[in-house]
Amino acid sequence: MATKSNIDAHKCCKCKTTKCLKLYCVCFVAESYCTEACSCKKCCNLLDYEDTVEVACEQAKVRNPLAFSTKVHSLDQVYDL
Ligand SMILES: [Zn+2]
Ligand SMILES: [Zn+2]
Ligand SMILES: [Zn+2]
């Protein structure tokens, strides 16, 4: 599952209140874990929280089936949490 080779395209987020488990997080939407390059706070989008991330991901997909297939370009402007 973690064998995607799009690391170069990985984006950094700066979530402060969503624990990076919401669609506001570019990392979460990209289905990748946050990295040290991210400036998020209280992040739960980490390998340590694998189960939590998986559940949140499933829930997000149920709520927003299109969210993960739609490329969002300007999340920063809209959701600058
Ligand atoms: Zn985030
Ligand atoms: Zn991140
Ligand atoms: Zn994060």
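Any read-out appearing in this document is the output of simple, stated calculations on the displayed coordinates, not a laboratory observation. Owing to the predicted nature of the structure, the values given are computational and were not obtained by experimental measurement. When we count neighbours, we look across all protein chains shown, and the Cβ atoms used for this are built from the backbone with ideal geometry, even at glycine.
Some notes on this structure:
- Radius ratio Rg over Rh of region 23-63, counting only Cα atoms, Kirkwood formula for Rh: 0.94
- By average C-beta atoms within 10 angstrom, highest first, the peptides 12-25, 50-63, 33-46: 12-25, 33-46, 50-63
- Vicinal HN-Hα couplings computed from phi for region 37-42 (Karplus, 6.51 cos²θ - 1.76 cosθ + 1.60; Hz; Gly/Pro x): 6, 6, 10, 8, 10, 6
- Using a simple spin-label model with pseudo-atoms 7 Å out from Cα toward Cβ, residue 35 and residue 68 lie 2.1 nm apart.
- ³J(HN,Hα) computed for each position of region 54-64 - Karplus, 6.51 cos²θ - 1.76 cosθ + 1.60, integer Hz, glycine/proline x: 4, 4, 4, 5, 4, 4, 5, 5, 5, 6, 10
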